[in-house]
Amino acid sequence: IGGLLITLARRHSSYLAGYVISVLNFFVPMICSSLTKLESHESEGQREVSQYIKVSIVRWVNTAIVMTITTPFTDTVSTGEANLISSVWAIFFAEITMTPFLQLADPFGNLNRHVFGPKALDQRRMNSYFGGTGYELAERYTSITKVLFFSFYYATLFPAAYFWAALIFFIKYFLDKFSLLRTWRQAPLIGTEVAKFSRNYFMPIVLVVLVVSSSYQWSGYPYDNACAEGTLVSSKYVGTHTAHLVDGDTANITIEQNSTNYKFCNQDFFAMNTFPPLPKYQPEGSEWMTPDQELVVNLLGRTSVAFVTLIGCWSLCLIYACVIRGIFRSTYKPNGKDTKKNFSQVREIAAYVPQFTVEGYLYPVLASNLSQMNTDLVGWEDPSDLSYDVHNLIHDVRLSTEDEFVPSTTALFSLVKHWPPADVREKGASPTNSVREPLLTTGFEEPESI
C-alpha cells in the first residue's frame, strides 16, 4: 500500500512523494507495534529487537527501494523533475522539514491533553491522557538507521547525501532531547539487546549496500541504453524532426551531418542478474563504458565480492556463537565486576517484581504479593497510593472463607520477598522496611520544628 501511495504521489511531484514517505514512516511504528503485541518475548529488550526489525525493513523499503523500483532506468540521471536524483533530494528535503514538524507538533499528545483528557469520565483516565506521548527505543534507532541506509544507497548518484544526512542527525539530536525532556513519557527499562543487534547486523548490511549499490550505479552510466555502432547516419535523416512521445507531448530532434548511429543496449547489470557488475560482462558489440569507468567499476565490483564474502562469514560466526554453540555448551559470561556493595545499599536498583502495563492506565499493574518486601524496591511510586494496593491484582481477586472475603495473597499470585543482609538488619531493617543509603546528601541538618 505504501509503495502504491508513493508511486501515485510521485506522478504529481517528487516533493509530494517525499512528504508521503515521511508521513508513512511516521505511522509505520504504530502498525508494527500492534503486530509485535501479538508475539511472546522473554524480555522487553527482545520485544524491542522484534520491533526494530519490522520497522527497519518497512522504512528502508519505503524510503529507498520503492523509489528505485518505480523509476525507469533511463530516468536515473535524466533532466527534469522525474529523474531519480530529484526524487532523492525531495526525500532529504522532506526529512529535514516534515519529520521534525510532526515530532514537534506531537499531534496525538496534544489531542490527548486538550481534547480527550478534559472529557475523561474519571480521574484515572484523565491522568493517562496527561502522561505524555509514548516512544520506543527501537523506533528511534530505525529513525537514524533509515537515513544512514538511504544515504549509503544513493551516495554514488547523490554525493551530497553525506552532508544532508549529517544535518538530519544534528536536527534529530536536539529534537529527541527536547521531546525526551518535554513531551515523551518515561520508557520501560530495557537492556542492550537493540544496541547490540544494530551494531552486529545493521552496520555490516549498510557497508554491503554501500559497496554493492556503488558498483551497480557506476556501471550504469550514462543511463541511456544507447551504444554507438561506429557508423554515420544516412543523409536522409539529417535535419530537424518532430517526435511524438508516449504521454502525448512532442519533441523536436535535430540530427546533424556526420552524426553517429546508436543502437539499443541494456546497460542495467542489475536487471540482467549479473553479479559482480564487471566490465567484462558487457555484451559483445554493445560496450558502453569508458576506460576510466571500467577501472572504477572493476575496483568496486571486486570490492563488493570481498565485502559480501566477509559479511557472510561474519554472519555465520554470529549464528554459531549465538545459536548453535549454546546447544552444546554454556555461553554465560558474567558482565561487570564486584563493587563490594550490597544490593540494599544501591538506591537506584529495583527488584524484579511481576508487573505489566495496561493501556489507559498511568502506572503498571502488579501481579504478586508484596507483603514481605520493601516497596521501595518496586521501581516506581504513585504519590496517591504509597501502599500499592490500588495497583495490585491480589486485591481484585478475593477468596471466600466462612467469615469474610480475604485477598488472594497465596493461592493465585507468587510471593516476592526480600532478605536484607546482616549489616543492614543490624540498623533496624526488615524485609518490609529495609535501610538503603540516600541518593543525595545535602549537608544541611533538618530543623527540629517548623
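Would you mind stating whether ALA105 is out of contact with any strand residue (DSSP E or B) (no Cβ under 9 Å at 6 or more places or on another chain) and surrounded by 15 or more Cβ atoms within 10 Å (Cβ to Cβ)?
Working: out of contact with any strand residue (DSSP E or B) (no Cβ under 9 Å at 6 or more places or on another chain): yes; surrounded by 15 or more Cβ atoms within 10 Å (Cβ to Cβ): no.
In short, no.
Just the residues that are touching a strand residue (DSSP E or B) at 6+ places or on another chain (Cβ under 7 Å) and of a type outside the set (A, V, I, L, M, F, W, C), please, taken from segment 157-195. Can you show your working first?
Narrowing segment 157-195 to residues touching a strand residue (DSSP E or B) at 6+ places or on another chain (Cβ under 7 Å): 183-185.
Across segment 157-195, the qualifying residues are THR183, ARG185.
Restrict the check to segment 83-96 and report whether at least one residue is within 24 Å of PHE270 (Cα to Cα), without any contact (Cβ under 8 Å) to a residue 40 or more places away in the chain and outside any helix (DSSP H, G or I).
First, pick out the residues of segment 83-96 that are within 24 Å of PHE270 (Cα to Cα): 83-89, 91.
Filter once more, keeping what is without any contact (Cβ under 8 Å) to a residue 40 or more places away in the chain: 83.
Now restrict to residues that are outside any helix (DSSP H, G or I): 83.
Yes; the residues of segment 83-96 include at least one that is within 24 Å of PHE270 (Cα to Cα), without any contact (Cβ under 8 Å) to a residue 40 or more places away in the chain and outside any helix (DSSP H, G or I).
In this structure, is ILE69 out of contact with any helix residue (DSSP H, G or I) (no Cβ under 7 Å at 6 or more places or on another chain) and under 25 Å from THR192 (Cβ atoms)?
No.
Can you tell me which residue among PHE150, PHE163 is assigned to a helix (DSSP H, G or I) and open to solvent by 50 Å² or more (accessible area, probe 1.4 Å)? Let's see the steps before the verdict.
Numbers: PHE150 fails: open to solvent by 50 Å² or more (accessible area, probe 1.4 Å).
Exactly one of PHE150, PHE163 is assigned to a helix (DSSP H, G or I) and open to solvent by 50 Å² or more (accessible area, probe 1.4 Å), namely PHE163.
Can you name the residue in segment 33-81 that is part of a loop (DSSP other than H, G, I, E, B), free of Cβ contacts under 8 Å to residues at least 60 places away in the same chain and small (Gly, Ala, Ser) and, of all such residues, is least open to solvent (accessible area, probe 1.4 Å)? So that I can check it myself, show each step before the final result.
Initially, segment 33-81 is screened for residues part of a loop (DSSP other than H, G, I, E, B), giving 37-43, 71-72, 76-81.
Going one step further and asking which of them are free of Cβ contacts under 8 Å to residues at least 60 places away in the same chain, we end up with 37-42, 71-72, 79-80.
With small (Gly, Ala, Ser) added as a condition, the list becomes 40, 80.
On the way: SER40: 112, GLY80: 46 Å².
Across segment 33-81, the extreme among qualifying residues is GLY80.
Suppose we filter segment 225-276 for residues that are under 30 Å from THR303 (Cα atoms), free of Cβ contacts under 8 Å to residues at least 24 places away in the same chain and open to solvent by less than 70 Å² (accessible area, probe 1.4 Å); how many remain?
Counting residues in segment 225-276 that are under 30 Å from THR303 (Cα atoms), free of Cβ contacts under 8 Å to residues at least 24 places away in the same chain and open to solvent by less than 70 Å² (accessible area, probe 1.4 Å) gives 2.
Which numbered condition in (1) touching a residue at least 24 places away in the same chain (Cβ under 8 Å); (2) closer than 30 Å to ARG11 by Cβ; (3) assigned to a helix (DSSP H, G or I) is the only one that PHE101 fails?
Evaluating PHE101 over (1) touching a residue at least 24 places away in the same chain (Cβ under 8 Å); (2) closer than 30 Å to ARG11 by Cβ; (3) assigned to a helix (DSSP H, G or I) leaves (1) as the failure.
Mind checking which pairs have a first residue in segment 155-175 that is more than 11 Å from ILE85 (Cα to Cα) and a second that is hydroxyl-bearing (Ser, Thr, Tyr) and open to solvent by 30 Å² or more (accessible area, probe 1.4 Å), Cβ under 6 Å, 6 or more apart or different chains?
Close Cβ pairs satisfying both conditions: none exist.
Counting just the residues of segment 312-350 that are farther than 28 Å from ILE205 by Cβ and β-branched (Val, Ile, Thr), which one comes out surrounded by the fewest Cβ atoms within 10 Å (Cβ to Cβ)?
The selected residue is THR339.
The values are calculated or read from the model by the stated rules, or taken from the named source; none is laboratory data. All values reported here derive from a predicted model rather than from experimental measurement. Note that we place each Cβ from the backbone using ideal geometry, even for glycine, and neighbour counts take in every protein chain shown. The protein model used for the area step is the full one, side chains on, heavy atoms only, and it has no ligands, DNA or RNA in it. Shrake-Rupley method; radii C 1.70, N 1.55, O 1.52, S 1.80 Å.
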